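Structure first, then comments.
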Amino acid sequence: MENDTLLIEQWQAGDQRAAAELYNRHRDRVFRLAYGLLGQPADAEEVAQDVLLYALANIHRYDPARARFTTWLHTIAVSRCRDRQRRKRLPHLPLLAWLKGGGDAPDPTPTPEHEAAAREQHSQLWQAVQALPPTLREAVVLRFWAGHTFKEMADILQCPVATAQSRVRLAYPRLRATLASRPADSWSEEAV
């Protein structure tokens, strides 16, 4: 964001309001990324707070020549999520919980049948994403839930752009295979 640079400069000069504005501006995106990677709201909240507090305390380490501020934050977030997953194996979370947490906007006028079918599809997709190996799951979440470009993903994951692209590409057949094992009437092909 354009104003991030000004806020960062103000915070480096000691303006507490700039730090609060940076925290508030980026909190939701960092939380959604952590939630997508961890699947647990409490863990995601903890990671998001940790990431933002670390970033603000270490703002002198941020180099705008190397990456956008959001890319730097998301790099820290992915690293913290990996650390948390190494320490604790988390259960799978259905996509319905993600939706209740504000992940996607629901259809404004769905029928009850449409809502039930959509919930089932989202749940199946979320379970399929959660079943991916961690490197592929990170790539899918960064690309499709956090909306990062492949270049930004490469920066966050600390890998070449081609590797970020291949991780997303490798996730597709695994997702399709997992979803193909579901009942045909409960899944639509365009979702993958």
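The values are calculated or read from the model by the stated rules, or taken from the named source; none is laboratory data. All values reported here derive from a predicted model rather than from experimental measurement. Cβ sites come from the backbone with ideal geometry, for glycine too, and all protein chains shown count toward neighbours.
Residue by residue through the range 118-162, note down the ones that are hydroxyl-bearing (S, T, Y) and over 20 Å from R68 (Cα atoms).
Within the range 118-162, S123, T135 qualify.
S166 passes every criterion in (1) at pLDDT 80 or above; (2) under 28 Å from D50 (Cα atoms); (3) of a type outside the set (A, V, I, L, M, F, W, C) apart from (2). Just to verify a result, which residue in the range 105-147, among those that are surrounded by fewer than 12 Cβ atoms within 10 Å (Cβ to Cβ) and among the charged types (D, E, K, R), is modelled with the highest pLDDT? Among those that are surrounded by fewer than 12 Cβ atoms within 10 Å (Cβ to Cβ) and among the charged types (D, E, K, R), it is E113. Taking (1) in a helix (DSSP H, G or I); (2) over 16 Å from E152 (Cα atoms) in turn, G14 satisfies each apart from (1).
If the requirement is being of a type in the set (S, T, N, Q), assigned to a helix (DSSP H, G or I), in the same structural domain as R68 (by TED's automatic domain parsing) and modelled with pLDDT of 90 or more, which of these qualifies: N24, N3?
N24
If I go through the range 129-180 residue by residue, how many of them are under 14 Å from the mean Cα position of the chain (by Cα) and in a loop (DSSP other than H, G, I, E, B)? Residues in the range 129-180 being under 14 Å from the mean Cα position of the chain (by Cα) and in a loop (DSSP other than H, G, I, E, B): 4 in total.
Does Q85 count as surrounded by 13 or more Cβ atoms within 10 Å (Cβ to Cβ), modelled with pLDDT under 90, in a helix (DSSP H, G or I) and not acidic (D, E)?
On the way: surrounded by 13 or more Cβ atoms within 10 Å (Cβ to Cβ): yes; modelled with pLDDT under 90: yes; in a helix (DSSP H, G or I): yes; not acidic (D, E): yes.
Yes: the conditions hold for Q85.
Could you check how many residues of the range 58-70 are β-branched (V, I, T) and either surrounded by fewer than 17 Cβ atoms within 10 Å (Cβ to Cβ) or more than 12 Å from V30 (Cβ to Cβ) (or both)? Please lay out each step first, then the result.
Restricting attention to the range 58-70, the residues satisfying the condition of being β-branched (V, I, T) are 59, 70.
Restricting the remaining residues to those that are either surrounded by fewer than 17 Cβ atoms within 10 Å (Cβ to Cβ) or more than 12 Å from V30 (Cβ to Cβ) (or both) gives 59.
Adding up the residues that qualify gives 1.
I'm trying to understand the selection: among the residues of the range 39-51, which are surrounded by fewer than 22 Cβ atoms within 10 Å (Cβ to Cβ) and in a helix (DSSP H, G or I)? Spell out the reasoning first.
From the range 39-51, those surrounded by fewer than 22 Cβ atoms within 10 Å (Cβ to Cβ) are 40-43, 45-46, 49-50; that's our starting set.
Answer for the range 39-51, where residues must be surrounded by fewer than 22 Cβ atoms within 10 Å (Cβ to Cβ) and in a helix (DSSP H, G or I): P41, A42, D43, E45, E46, Q49, D50.
Quick check: is even one residue across the range 38-51 under 16 Å from the mean Cα position of the chain (by Cα) and either among the β-branched types (V, I, T) or closer than 22 Å to F150 by Cβ (or both)?
yes
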